[in-house]
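Enquirer: Sharing a structure here in structure tokens format.
The values are calculated or read from the model by the stated rules, or taken from the named source; none is laboratory data. Small disclaimer: the values here were computed from a predicted structure and weren't measured. With ideal geometry, Cβ positions are generated from the backbone for all residues, glycine too; neighbour counts draw on all protein chains shown. Note: accessible area is taken over every heavy atom of the protein model, side chains too, but ligands, DNA and RNA are not part of it. Shrake-Rupley method; radii C 1.70, N 1.55, O 1.52, S 1.80 Å.
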Amino acid sequence: MLSRSSFTSLVVGVFAVYVAHTCWVMYGIVYTRPCPAAAEDGAAGGCVWPYLARRPKLQLSVYTTTRSSIGAESNIDLVLNVEDFDIESKFERTVNVSVPKKTRNNGTLYAFVFLHHAGILPWHDGKQVHIVSPLTTYMVPKPEEINLLTGESATQQIEAEKQTNALDEPISHWRSRLTLNVMVEDFVFDGSSLPADVHRYMKMVQLGKTVHYLPILFIDQLSNRVKDLMVINRSTTELPLTVSYDKISLGKLRFWIHMQDAVYSLQQFGFSEKDADEVKGIFVDTNLYFLALTFFVAAFHLLFDFLAFKNDISFWKKKRSMIGMSTKAVLWRCFSTVVIFLFLLDEQTSLLVLIPAGVGAVIELWKVKKALKMTIRWQGLRPKFQFGAYNESEKKTEEYDAQAMKYLSYLLYPLCIGGAGYSLLNVKYKSWYSWLINSFVNGVYAFGFLFMLPQLFVNYKMKSVAHLPWKAFTYKAFNTFIDDIFAFIITMPTSHRLACFRDDVVFLVYLYQRWLYPVDKSRVNEYGESYEEKSKKKAHRE
């Protein structure tokens, strides 16, 4: 059996290997080895040369059609034509796109983007390149929010329900952005070791004795965000489409291809469009340097999460006494964690936030069982709960705990009730359940730190903090500061974002108490034992 210290060392070692391997993989993505023979012989065989090095005059054309493939110019609409297209100059243009009847009836509309020689139609140009992207996607529309007392906006909801598509069925949504890129580097590839990610976007032509690859055209699917989607109504005949273009380097192109494949894989594993959109936001809304920092921050967050859960479970698994521990604080932490999990679930928050919150809720429920010394016995299909008795020292702690809660209730309950009443009158919700969960969670976020006061009060009365799980606290503190960074990166409710900064204050108060009350070796520790008792046991064995 591995000891706890060796197991932790093993986990940290695996984590270090994982980070090093990921860095090596990322280096292999952004760095591509050029053709070695290109520097020696300009016409060397085995090298694939860029066609753009010839500086041809190019034209960009964007067509729309309801068909996923086209062989001629029939049944297509030209929505954008850029003559004398300059691959070095970025632009952004908004055009109105005609929406066919088939698309309005929950169909699909495709965009065909052609890069071809100026003055020649795309299907007459043997050296044209094109790429296809759907301009529509299917999603379940967001439920209408109404004022629960006045019923405001209920008429709009009734009209929406009259549509043939129910609210729980996916319908066509319009992608209002189309982001284009062209790889502009005059990079010479080694024909014997072409990168597989870029190879599928390459089209080769033979020009004399050398092989050239035509311009690499790429559509940035990561820029298609859920917030930019528009519901396609049957009465809609035209919709706006913003077409933007910017050049891209080879390293960034390969990185972006891998990220798009990763997001697609998430959806194949059952992640919803919204979950995938949260991952897109991390890549699109940040630059590459900040993205690298985000990766390392996320990796350390995962490590500290694991170590905090491990030490927290180990602490409570061995705990035999509740001396110095506020039972009310444990109960409140459990209640608040479950409420936050239900709130995040109701808000359809990203799984990146939801899964850790769910794991934390399960652990808090188990800690309540330990704190109340609860045992569950089954009598057939009916459970029977039994609670253990407290000793004199634990009863003294409970007195301090009850005293703190008495003073706290005078402030907390009016604030929570007042906040719930205000939101009922002034804020719109999807349902009564949504209002109830939001009221609970607003109380947790706004005043939840007040429920840490009973534990602080118990520490003050006992003049000790030796009974607290400091290892788990330390790991959670690191994660708290990491959460401050994630609060600006991952999309989450504003109240959840503010709660991250609230936890910083709570931990600083605990640190102050640890400094104020140095460890007394005659007091019991978190396992119900004292240092002096351990010394006596060892002397007796000898």
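Enquirer: If you restrict to DSSP beta bridges whose two residues both lie in the range 170-286, what percentage is antiparallel, to the nearest 5?
Expert: On the way: 10 of 17 bridges.
Just about 60 percent of them are antiparallel.
Enquirer: Taking the Cβ of Ile257 as the centre, find all other residues whose Cβ is under 12 Å away and add up their charges (Lys, Arg: +1; Asp, Glu: -1). Write out the running numbers ahead of the final one.
Expert: Numbers: positive: Arg200, Lys252, Arg254; negative: Asp197, Asp220, Asp261.
Net local charge, Ile257 excluded: 0.
Enquirer: Ignoring any ligand, DNA or RNA, what whole percent of the accessible area of the range 295-422 comes from carbon and sulfur when the probe is 1.4 angstrom?
Expert: On the way: 4770 of 6970 Å².
Percent of accessible area from carbon and sulfur atoms in the range 295-422: 68.
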